[in-house]
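Novice: Here you go, one structure.
The values are calculated or read from the model by the stated rules, or taken from the named source; none is laboratory data. Quantities reported herein were computed from a predicted structural model and do not represent experimental measurements. We place every Cβ from the backbone using ideal geometry, glycine too, and count neighbours over all the protein chains shown. Each accessible area value is taken on the protein alone, full model and side chains, heavy atoms only, with ligands, DNA and RNA left out. Shrake-Rupley method; radii C 1.70, N 1.55, O 1.52, S 1.80 Å.
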Amino acid sequence: MINNDVLRSIRYMLDLSDHKVVEIAQLADPAFVIEKDDVRAFLLKEEEPDYLACSDTVLAHFLDGLIVHLRGRDESLPSRPVEKRISNNVVLKKLRVAFELKDVDMHQVFADAGFPVSKPELSALFRQPGHKNFRACGDQLLRNFLKGLTLRVRGG
């Protein structure tokens, strides 16, 4: 899925302002620089002028910052390095951690979106890429997860 779409979905889901998106991205690494104008450009549609593609680095900082924003920082653990490449599976994992979702919750989120997922399918999404039962998360699956999570968070 396009990083801009993921950022747009999460921003809508949590009703975040551009300034709040910048703050959340900097929670992962205070030295990371992102401007409000960049965030506005990320949220535009591809065909609009001033559109800017959201890089993996920006999305990774935002997702890591979202975990800190929603769950708090655990000072007893060293901070993890920010992901270099963001796949749909990584987005799914980080959102699962940020919203503290258990397997039952994940199944309910998919069911709410009208896209039920079996237990083996769900566990395959969270395996390491080299594992024989690993399954790549497709765009449709992630889109439905974001839709279901939005319904859950916004109470729709």
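Novice: I'd like the distance separating the alpha-carbon centroids of the stretch 1-39 and the stretch 84-118, in whole Å.
Specialist: Comparing the Cα centres of the stretch 1-39 and the stretch 84-118, I get a distance of 19 Å.
Novice: Another one. So for the stretch 34-143, taking the charge dipole from beta-carbon charges (+1 Lys/Arg, -1 Asp/Glu), which of G130, L142, S55 sits furthest toward the positive end?
Specialist: G130
Novice: What value in Å³ per residue do you get for the convex hull of the alpha-carbon atoms in the stretch 41-106?
Specialist: 112 Å³
Novice: Moving on. Give me the one-decimal Kirkwood hydrodynamic radius in Å for the chain, with the sum taken over alpha-carbon pairs.
Specialist: Taking the inverse mean of 1/r over all distinct Cα pairs, the chain comes out at 16.2 Å.
Novice: Using Cα pairs under 8 angstrom and six or more residues apart, how large is the relative contact order of the chain, in percent?
Specialist: Relative contact order for the chain comes out at 23 percent.
Novice: Okay, next question. Quick check: pseudo-label points 7 Å beyond the Cα along Cα→Cβ at F115 and L52, how many nm apart are they?
Specialist: Each label point lies 7 Å from its Cα, and together they span 2.9 nm.
Novice: Separate question: Quick one: if you stick a label point 7 Å off each Cα along the C-beta vector at E35 and D105, how many nm between them?
Specialist: Rounded to a tenth, the inter-label distance reads 3.7 nm.
Novice: Computing the accessible area with a 1.4 Å probe over protein heavy atoms, can you report the carbon and sulfur percentage for the chain?
Specialist: Carbon plus sulfur share of accessible area: 51 percent.
Novice: Cα convex hull of the stretch 94-156: how many Å³ per residue?
Specialist: Cα-based convex hull of the stretch 94-156, divided per residue, equals 78 Å³.
Novice: Taking the Cα centre of the chain as origin and charging only Cβ (+1 Lys, Arg; -1 Asp, Glu), how large is the dipole, in debye to the nearest 20?
Specialist: 740 debye
Novice: Heavy-atom accessible area per residue, the stretch 73-156, 1.4 Å probe: how many Å²?
Specialist: 63 Å²
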